[in-house]
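Presented below is the structure to which this report refers.
The values are calculated or read from the model by the stated rules, or taken from the named source; none is laboratory data. None of the values given here were measured: they were computed from a predicted structure. Positions of Cβ are generated from backbone atoms using ideal geometry, with glycine treated the same way; all protein chains shown enter the neighbour counts.
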Amino acid sequence: MIARIERLHDLGVVGTNRILQVALAHLLGDEKSVRAVRRARRRQHDRRAALAAALIERGVHVDPSGDGLTLWVPVADEAAAHHCLRGYGITAGSGASCHVSEHPEPHLWFGTASLPDASEQIDALARIIAEAAVCDEPTTPGVPPNLMPVPRPGPELEGGAIADGYDYLHVHGTSAVRK
């Protein structure tokens with residue numbers, strides 16, 4: 001692995017643009033930028049903590065102390081949980097693809113960078129994720145297998161949500177739909 005990285009570095013693939021380095025150095029020294037990053041970090045932490053608390057309230061065992069941009073959720077069956085979530089327009093990362101062990105515990109990961117601030121939207125998302133966590137066969141609760149919600153464009157709401165009869169909760173480039 002180290003030899004491969006060294007070869008890529010020798011080819012110039014690993015280099016960082018000098019203009020970007022200078023811009024970053026300036027931003028790191030700018031107090032206004034530092035305050036903005038601190039606010040964003042606190043906001044992301046609060047959103048992640050709110051989702052973790054809402055999931056724990058629903059009996060889903062997640063780690064509320066984490067500080068990253070993902071939340072790992074144990075599930076009964078990854079494929080079934082993916083299918084359940086797809087019925088609501090939500091995608092999540094597969095836990096199995098993130099482990100080197102041959103038989104990891106089934107779980108999914110959710111990006112938390114774009115979670116909404118509104119507690120009712122966090123609660124709706126937590127309810128859907130909690131349903132998916134216990135789903136052990138590929139069905140979608142309340143939705144026949146051949147019918148899936150189709151998003152239609154609508155006016156933008158606070159927090160980047162879109163309205164058109166559904167509320168869209170943006171989760172790491174994906175959408176959660178609440179009727």
Problem - Yes/no for Ile90 being in a helix (DSSP H, G or I) and under 27 Å from Ala40 (Cα atoms) - result: no
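Just checking, which of Ile56, Ile5 is outside any loop (DSSP other than H, G, I, E, B) and modelled with pLDDT of 90 or more? Talk me through it step by step, then tell me what you get.
Values: Ile5 fails: modelled with pLDDT of 90 or more.
From the options Ile56, Ile5, the qualifying one is Ile56.
State whether the residues of region 36-44 include one that is in contact (Cβ under 8 Å) with a residue 60 or more places away in the chain and outside any helix (DSSP H, G or I).
Narrowing region 36-44 to residues in contact (Cβ under 8 Å) with a residue 60 or more places away in the chain: 43-44.
Applying the additional criterion that residues be outside any helix (DSSP H, G or I) yields none.
No, region 36-44 contains no residue that is in contact (Cβ under 8 Å) with a residue 60 or more places away in the chain and outside any helix (DSSP H, G or I).
Listed here are the residues, each with its yes/no results for (1) buried (at least 19 other Cβ atoms within 10 Å of the Cβ); (2) under 15 Å from the mean Cα position of the chain (by Cα); (3) among the hydrophobic types (A, V, I, L, M, F, W, C).
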| position | (1), (2), (3) |
| --- | --- |
| Ser94 | no, yes, no |
| Ser97 | no, no, no |
| Val100 | no, no, yes |
| Pro104 | no, no, no |
| Phe110 | yes, yes, yes |
| Ala113 | no, yes, yes |
| Asp117 | no, yes, no |
| Glu120 | no, no, no |
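Being closer than 18 Å to Ala132 by Cβ and among the hydrophobic types (A, V, I, L, M, F, W, C): is that true of Ala96 here? Steps first, answer last, please.
On the way: closer than 18 Å to Ala132 by Cβ: yes; among the hydrophobic types (A, V, I, L, M, F, W, C): yes.
Answer is yes for this residue.
When you scan region 23-39, do you find a residue that is closer than 17 Å to Pro116 by Cα and surrounded by 12 or more Cβ atoms within 10 Å (Cβ to Cβ), even just one? Steps first, answer last, please.
Initially, region 23-39 is screened for residues closer than 17 Å to Pro116 by Cα, giving 39.
Right, trim to surrounded by 12 or more Cβ atoms within 10 Å (Cβ to Cβ) and you get none.
No, region 23-39 contains no residue that is closer than 17 Å to Pro116 by Cα and surrounded by 12 or more Cβ atoms within 10 Å (Cβ to Cβ).
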Completion exercise
Of the residues in region 59-87 that are part of a loop (DSSP other than H, G, I, E, B) and among the hydrophobic types (A, V, I, L, M, F, W, C), the one that is surrounded by the fewest Cβ atoms within 10 Å (Cβ to Cβ) is Ala76
Fill in the blank from the handout: Val143 passes all but one of the listed conditions (1) of a type in the set (A, V, I, L, M); (2) under 15 Å from the mean Cα position of the chain (by Cα); (3) modelled with pLDDT under 85; the exception is number (2)
